[in-house]
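Student: Below are the structure tokens for one structure; questions will follow.
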Amino acid sequence: MAAIVAEGFLSRLSFGIISFALPLYAFRELGMGLAAVGVLVSLNLVVAIALKPAMGALADRIGLKRSFTASIGMRSAVSLLLVFAVLPWQLFAIRTIHGVSISLRDPSVFVLIADHGGKKAIASAFAWYQTAKSVAGALGKGAGGVLLGLTASNFSLVFLIAFVLSALPILVVLRYVREPGHDAHAARTAAAAQDVLAPTEQESSSEGSSRPAVLPFAGFGFLVSSTAYMLANLFPIFAVEYAGLTAGQAGVIYMIAASLTLSGPFFGWLSDHVSRRLVLSVRSAANVASSVIYLAAPSFAGLTAGRALDDMGKAAFRPAWGAMMAEVANLDRRRRARTMGAMSSGEDAGEIVGPILAGVLWSAWGVPVLLGVRIALAVVTELYSIALTRSLSSLEGRAERQSVTSDHSRRFRVPGGGAERRSAT
């Protein structure tokens, strides 16, 4: 787990530097328009959404560690290629490769975290991983600005530094990350889950398949992510244009609120030992409360409080969502990475759709309508979360009962048509 967290930190540190430098490089050095730059920075995520289910299936087939390592190598190659990119089409091609690396990396790393984090500490494992990434992302963006200043906007050198940071984790992963094993109990549980979730064709035709559909869980990730990101990327414009703050004040709000991401491990512990349902509710409550504060107090203090609530809600959601994905994936262990990829694709899609919806609402009807819709979506998401949690609990209960039945049946043999109890010794 320490190796996986270290990889997450270094990869997001590198990605933060690129996230800061790449738009400036495309706009200033290559003369690309704002619309083209917008497409460029979103292209990798669009590619990742499309390919995650297929790349998850590939990870299930070739092995999690192998696909994880390959994705790190591919992502590092992306940083190195940026050093030599001098034409707009080259940037688009490189961002496409980056999207492929994300689609290969996320499903495998999520399953590795679920396996190595421990059954009773899955949410905590995801919390440490996401906290490391969040902190590194903020540091990376800050470092990107500092490096450009120190190097007199030498973008090639900045991209080269990002490449070194991205490539460092390969040795750590190769040395310390292990491919998950399957002990006897895990095998029995997996077999029992398959009996519950993959009925025969005859049962499916008469009763309908009981395999849990991934789409409802991907839809939940989409709802949470889209609601959360409605203001995340537009916050600087919101702070300056709507609340009348200066750019400096908006930057201070970011720094103050970002400290709330450090609460992730606490929420991970809360999810593991108290209630995951409670932790999932924090995200929706934070969206509602922050929107109300933005409406009632569009000032420096109000926006600071609202942004802090949003960041705290994000820190709470990540570990609980990771644990939920792990439980759904474990119900079909042969397709865990594929399931993880499909569910996380919903979250990525929400990250893209949320800001677009916010921009349309803001342009057509103004900020109050935008915040009102955000509140309504948060309430709908909370109700959906309750129903989905109950559905997952029901599926897990059925798998557990089937596991007990399977263990009991293995105590008996039926040679030649007669039952013979197996010797206890």
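Student: Just to confirm my filter: which helices (runs of 4 or more DSSP H) fall fully inside the stretch 1-88 and include at least 3 residues that are within 24 Å of residue 127 (Cβ to Cβ), of a type in the set (Lys, Arg) and open to solvent by less than 60 Å² (accessible area, probe 1.4 Å)?
Tutor: Helices (runs of 4 or more DSSP H) meeting the threshold: none at all.
Student: When the residues of the stretch 271-284 are filtered to those that are aliphatic (A, V, I, L, M) and without any contact (Cβ under 8 Å) to a residue 60 or more places away in the chain, which remaining residue is least open to solvent (accessible area, probe 1.4 Å)?
Tutor: 282
Student: Let me ask something else. The conditions are (1) at pLDDT below 85; (2) under 25 Å from residue 248 (Cβ atoms), and residue 334 fails exactly one of them. Which is it?
Tutor: Among (1) at pLDDT below 85; (2) under 25 Å from residue 248 (Cβ atoms), residue 334 violates only (2).
Student: Let me ask something else. State whether one or more residues within the stretch 226-246 are touching a Gly at 6+ places or on another chain (Cβ under 6 Å), open to solvent by less than 20 Å² (accessible area, probe 1.4 Å) and either free of Cβ contacts under 8 Å to residues at least 40 places away in the same chain or part of a helix (DSSP H, G or I) (or both).
Tutor: yes
Student: Quick one: residue 170 ticks every box in (1) modelled with pLDDT of 85 or more; (2) β-branched (Val, Ile, Thr); (3) over 30 Å from residue 118 (Cβ atoms) bar one, so which box is it?
Tutor: Failing condition for residue 170: (3).
Student: Closer than 30 Å to residue 275 by Cα and touching a residue at least 60 places away in the same chain (Cβ under 8 Å): does that describe residue 158?
Tutor: Taking the combined requirement at face value, the residue does not satisfy it.
Student: Moving to a separate point now. Pairs under 6 Å by beta carbon, first residue closer than 9 Å to residue 48 by Cα and at pLDDT 90 or above in the stretch 82-103, partner surrounded by 23 or more Cβ atoms within 10 Å (Cβ to Cβ) and of a type in the set (Val, Ile, Thr), six or more apart or different chains?
Tutor: Every condition considered, the pairs that remain are 98/78.
The rows are residues; the columns are (1) in contact with a Ser or Thr (Cβ under 8 Å, 6 or more places away or on another chain); (2) at pLDDT 50 or above; (3) at negative phi.
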site	(1), (2), (3)
162	yes, yes, yes
202	no, no, yes
207	no, no, yes
213	no, yes, yes
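Student: Follow-up. Does any residue in the stretch 333-360 that is under 14 Å from residue 51 (Cβ atoms) and open to solvent by 10 Å² or more (accessible area, probe 1.4 Å) come within less than 6 Å, Cβ to Cβ, of a residue that is acidic (Asp, Glu) and assigned to a helix (DSSP H, G or I) six or more places away or on a different chain, and which pairs are these?
Tutor: Close Cβ pairs (under 6 Å, with a partner that is acidic (Asp, Glu) and assigned to a helix (DSSP H, G or I)) amount to 338/60.
Student: Quick check: anything in the stretch 317-331 outside any helix (DSSP H, G or I), at pLDDT 85 or above and either touching a strand residue (DSSP E or B) at 6+ places or on another chain (Cβ under 9 Å) or not β-branched (Val, Ile, Thr) (or both)?
Tutor: Within the stretch 317-331, none of the residues are outside any helix (DSSP H, G or I), at pLDDT 85 or above and either touching a strand residue (DSSP E or B) at 6+ places or on another chain (Cβ under 9 Å) or not β-branched (Val, Ile, Thr) (or both).
The values are calculated or read from the model by the stated rules, or taken from the named source; none is laboratory data. Note that the structure is a prediction, hence the values are computed from the model and not measured. So basically every Cβ, Gly included, is an ideal-geometry build from the backbone, and we count neighbours across all protein chains shown. Ligands, DNA and RNA are excluded from the accessible area calculation, which covers all protein heavy atoms including side chains. Shrake-Rupley method; radii C 1.70, N 1.55, O 1.52, S 1.80 Å.
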